[in-house]
Amino acid sequence: MRLIKSTIATKLIRSLLGGSLLLIISSTALRFYYDYTSEMRDLSTRLHEVMETAVPVMSDNIWLADWEMVRLQAQGIKGLRAIRRVEVLVDDQKLIEIGPELPGGSAPLSSPLAYRYKNQDVLLGTLSLYSDEGMIRQQLLGEVVKELGFQLVVIFLISSMLFFLVHRLVGRHLTAMASQLGALGQENLKTQLVLDKKPADQVAMDEIDQVVFSFNEMQRSLQRTFEALRQSNEELVRENQERLLVEQKLRENRTMLRNILDTVPLGIFWKDQESVYQGCNRVFAQAAGLEDPQQILGKTDFDLPWPSKEAEAYLADDRAVIANRQGKQHIIEQRLKADGTKNWIDTSKVPLLDQQGQVNGVLGVFIDITEIKKMEEQIYLMLFSINAANEGVYLMDDSASFRFVNDGACRRLGYSREELLAMRVFDIDSVLLPEKWSEHWQYLQEHGSLTLESVHRTKSETDFPVEISISSVTYEGAHYLCSLSRDITERVSAEEEKSKLEAQLRQSQKMEAIGTLAGGIAHDFNNILAIILGYAELTLYETSELDPRRNQLGEIIKAGTRAKELVRQILDFSRKAEGIKQPLLLAPLVKETLKMVRASIPSTIAIEEQISAVDSTVLCDPIQLHQVIINLCTNAAHAMEEHGGTLSLALDYAQLGQEVAAGLGGEEGRYVRLTVTDNGCGMSQAIQERIFEPYFTTKGVGKGSGMGLAVVHGILRSHGGLVRVTSQEGHGSSFEVFLPAIEQPAREKVEEEKDFCPLGTERILVVDDEPAITDMVNQWLARLGYAVFTANNSREALAMVRENPSGFDLIVTDQTMPHMPGSQLAKEILAVRPDLPIILCTGYSSTLSEEKAREIGIRRYAYKPLQGNELARLVRQVLDGKEDGVGRVGDETG
C-alpha cells in the first residue's frame, strides 16, 4: 500500500506507461495499415497482370475448343499466390471451377474472353479470379499481435524497475517529510525530522539530507519567533480593548450614514442659501473630480470643473427653488465631467427647511441618463437606416397583418405606410396563399428562420421577383415574424444569362475532352495500320497477276485505306492533325463538290445553288473543306430521304459583331459564310446539343457512323471557323459555317502527285520499336535497290551511327520509342554528323510540332501509315535534296 501511495513514482510510471503504450499502439497500427495496403496493392497488381497475360491465350484456346489446355491454364493461374479460386464461364455456364467456394460473397476480378474474328470481337465467355483478402489480414494481424505483446512485456518490466528505484530513493522520504510537515504546529516545533536512511555529514549530504537539515533549522527559528509574537500580542490586546469601546458607537453611526449615501446610485448634494456646498455623496464627488466627498465643503459651482455657463444655470435653479419654496423636477441637461467627457443628467432640486420651517438651503439629486440618451439616438439611427434602405422591412403578427413597414417597402410597392398597415401579407405576395399562412407560420415558429424567393405585386399591379429572409421573433411574450425583402430582378436576369453561358461552356469542354480521347485512339491505330497496309502491299507486289488472292489482298488494302481515312477524320475532329492550309477560292470548290453530291443523292431531292461571294478567299486545307461540305450535304440529304425536298447551298459574306461571335466561341470580324439548308425532318433541342459528339447518330444501323458532324466540328476549329445550327422539328435544319475571310490570292485546286516508286542504291538506317514495321520497310526499300539497315530501339541505332558515321546516307526513325524518342535520337545523330538527312515518322505526337522538328534539323516529318509509293517518293526527295525543310507527308485524303 505504501508503494501505491507514492505519488511521484506512480505519476512517473503512469506517464511512462501511457506514452509508451500510445507510441507502441500507434506505430504498430501504422505498420499494420502500411503492410496491409502494400499487400493488397501487390495483390491487385498480380491479378491484373494475370488477366492481361492469360485472357488472350485462353480466348484462343476456347476458340479452338482446346478445353484441356484451358483447364491446364486455369490450374496454373490457381497456383499463383493469393488466388483461391478460378472460374471460366462459356455461354453462361461454368466450364471450369478450380478452388473452394469463398465465404462472405467475395467479389471476383472478371474479364471477358473475346476472340478477334473478321475485325470484330466475338465474346466467348468470362474469366473470374477470386482472392482471399481475409487470409492476408489474418497473417498480418497475427504478426502484429505477437510483436505488440513482446513490446508490452518489455515496457512493463522497465516501468516496474523504475517504479521501485524512484520509491526507494525518493518517494518514501518525501512521504515522511510530508507527514511531519502536515502535523507541524506550535506545540510540536521542538520535534526534529529524522529519515529512515544512513546519516550523512554536512559535506556528503545529498538533496534529501539538505532538505531535512533546512527543515529542522526552520522549526527552531519559528519557535523563537512565536515566543516573541506572543508577548507583543498580549500588550496590544490590552490597549486595543480600551480604544475600541470608545470609538465603536461613533464609527457605527457614521458608517451607516455614509454607506447609505454612497450606496445610492444617484448624485446627492446639499447647499446653503448662498449655494455653497455643505456636503455630497461619493457619486457626486467623482463627477466633480474630487477624491473624497469632504473636499466639496465650502466650494461653489464656479469652483468645480464645469463651464461657467453651466455654473450660472445651476445657480439660477438654486435661487428659483429658494425663492419659490418649491422644487424643480427632471431638469435634462448635458454636463462636462472632470475627465473632460460629457454626459447627460436628469436633476431634481427641493428646498431644505430648518426647525422653524424657513428655507436654509437646497437638496439636489441627479441621475446619469447618458446610456438612455445613447439608446434613444441608436433607436433613431436604426429607424433612419431601416427607412433609408432599398429593401423592404416588415413585421407581421400571427394573423398575417403588418405591424410595421419601412419606407423602402412603401417606395417599392407604391403604397403609403397607412395603406400597408391596413393590409395583410397575401395582398402583396402573389405566391403565398391565405390557406397556407398557418402552415407557414408554424414552420417558422419551429425552425426560427427561412430564406426563400417569391413574387411581390405593386400598387400598379406589377409583379417583380424578391428574395425574402424571415425570422421568428418574440417581444414581451408576443410572437411576430420579421422579414427583409430584396428586389432581385437584376440578379434573376444575370443568373439566366449566366446559365446560358455555362451551358455553352460545358458543351465546349465536353467537345474538348472527347477530342483528346479521339486523338489518343488514332495514334495507336496508325501504327497498326502501317503494318497491315505495308505487308498487304508487299504481298500484292509479290503475287502473280493470275493469282486469285490478288482480289483478296486488294480488299485488305481498300479496307486499310478506309481505316486510314477514319483515323484522319478522328484527328481532324480532335484538332490533332492539321492539313496544309493555303489561300483558296471557295466558290470553285463548292461547285465541284455539289457535282459529286448531285451524283450521290436521290433525284427526289432538288439542289439549289446561291453563290454571291464569287471571289471569296479563305485560308484552308482544300481536302478538309471538301469533306466539310460533303458531310453537311449528306446529312441534309438523309433528313429528306423519305419524302424528298430541296437542298439549298448559299455562299456569301457575313460581318459578325463581338456579341454574336462570342456566343459562337469566336472573334468579331469579316467571315465567308457557307449555308446548307434542308426542309427535312428537323431536330429537337436535345439532339442539337449532341450532334457534334463523335459516334452520336439518330440514323439506323448501317446508315451512319456518327462521325460526320464531329469531323466537321474538328476541321472548323482547326481553321478558326465557327458553326451555327438552326432547326425545328418538322421544319428542316440550317447549318451556317463561318470561315475567316482573307485578301490573299488563292489557288483553285491542288495538283495531285503521280503514283510512282523511284529507285535508289543509297544506305538507309530504319529505326522503329515495332519489329514488324522495320521488317516491312526493309522489304519495301530493298526491292527498290536500297541497302537497308534496321534497329528496334534508339540506343542501338545511335551506337551504329557513332560506330560508323559515314556508313549511312539517310535515317528513317519513329518518334515514340522507349528509352529515347525519335526527336532526341535525331539531336544525338546530328551532333555526330550534322549533314545526315533524317525523316521522322509518327502515328501522332503531342510533344513534337513542325516548328520544333525544324529547330532540331529534321528534313521531313511524316505521318503513319505511309504506303509504299509514298515512302518511296519521300525517301527519294530527301536523298535528292528536294523540298529541304520540314514538311508533312502521309496525311492527305485517300
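The values are calculated or read from the model by the stated rules, or taken from the named source; none is laboratory data. What you see is a predicted model; the values in this text were computed from it and never measured. With ideal geometry, Cβ positions are generated from the backbone for all residues, glycine too; neighbour counts draw on all protein chains shown. Quick note on the areas: whole protein, heavy atoms, side chains included, nothing else; ligands and nucleic acids left out. Shrake-Rupley method; radii C 1.70, N 1.55, O 1.52, S 1.80 Å.
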**Study point:** Scope the stretch 345-402; condition assigned to a strand (DSSP E or B) and among the basic types (Lys, Arg); matching residues
**Key:** 349
Revision key, fill the gap. The residue that is nearest to residue 678 (Cα to Cα), considering only those in the stretch 622-645 that are of a type in the set (Val, Ile, Thr) and touching a Gly at 6+ places or on another chain (Cβ under 9 Å), is 634
Exercise for review: Scan the stretch 306-330 for residues that are surrounded by 14 or more Cβ atoms within 10 Å (Cβ to Cβ) and either more than 20 Å from residue 272 (Cα to Cα) or among the aromatic types (Phe, Trp, Tyr) (or both) and report the count.
Suggested key: 2
Check your understanding: How about the stretch 583-614: which of its residues are polar (S, T, N, Q) and either modelled with pLDDT of 85 or more or not assigned by the TED database to the domain that holds residue 680 (or both)?
Key -> 604, 610, 612
Exercise for review: For the stretch 390-401, indicate whether the set of residues that are of a type in the set (Val, Ile, Thr) and open to solvent by 20 Å² or more (accessible area, probe 1.4 Å) is non-empty.
Suggested key: yes
Check your understanding: Got a sec? Which strands (runs of 3 or more DSSP E) wholly within the stretch 760-873 have at least 2 residues that are surrounded by fewer than 22 Cβ atoms within 10 Å (Cβ to Cβ), of a type in the set (A, V, I, L, M, F, W, C) and in contact (Cβ under 8 Å) with a residue 24 or more places away in the chain?
Key -> 787-791
Check your understanding: Out of the stretch 447-467, which residues are aliphatic (A, V, I, L, M) and within 18 Å of residue 423 (Cα to Cα)?
Key -> 455
Exercise for review: Please work out which one of (1) in contact with a helix residue (DSSP H, G or I) (Cβ under 9 Å, 6 or more places away or on another chain); (2) at pLDDT 90 or above is the condition residue 865 fails and give its number.
Suggested key: (2)
Review point. Got at least one residue in the stretch 249-257 being of a type in the set (D, E, K, R) and under 23 Å from residue 367 (Cβ atoms)?
Key: no
**Study point:** Residues of the stretch 315-340 that turn out to be touching a residue at least 24 places away in the same chain (Cβ under 8 Å) and in a helix (DSSP H, G or I), as a count
**Key:** 6
Point to revise | Search result, residues across the stretch 261-300 that are in a strand (DSSP E or B) and in contact (Cβ under 8 Å) with a residue 40 or more places away in the chain | key: 267, 268, 269, 270, 271, 272, 278
Check your understanding: Can you tell me which residue in the stretch 417-462 is least open to solvent (accessible area, probe 1.4 Å), limited to those that are in contact with a Ser or Thr (Cβ under 6 Å, 6 or more places away or on another chain) and within 15 Å of residue 392 (Cα to Cα)?
Key -> 429
Practice item. Among the residues of the stretch 1-44, count how many are modelled with pLDDT of 75 or more and among the acidic types (Asp, Glu). Key: 2
Study note, to complete from the structure: Of the residues in the stretch 241-251, those that are modelled with pLDDT under 80 and open to solvent by less than 100 Å² (accessible area, probe 1.4 Å) come to 247, 250
**Study point:** In the stretch 45-95, residue modelled with the lowest pLDDT [restricted to those that are open to solvent by 50 Å² or more (accessible area, probe 1.4 Å), part of a helix (DSSP H, G or I) and closer than 15 Å to residue 130 by Cβ]
**Key:** 46
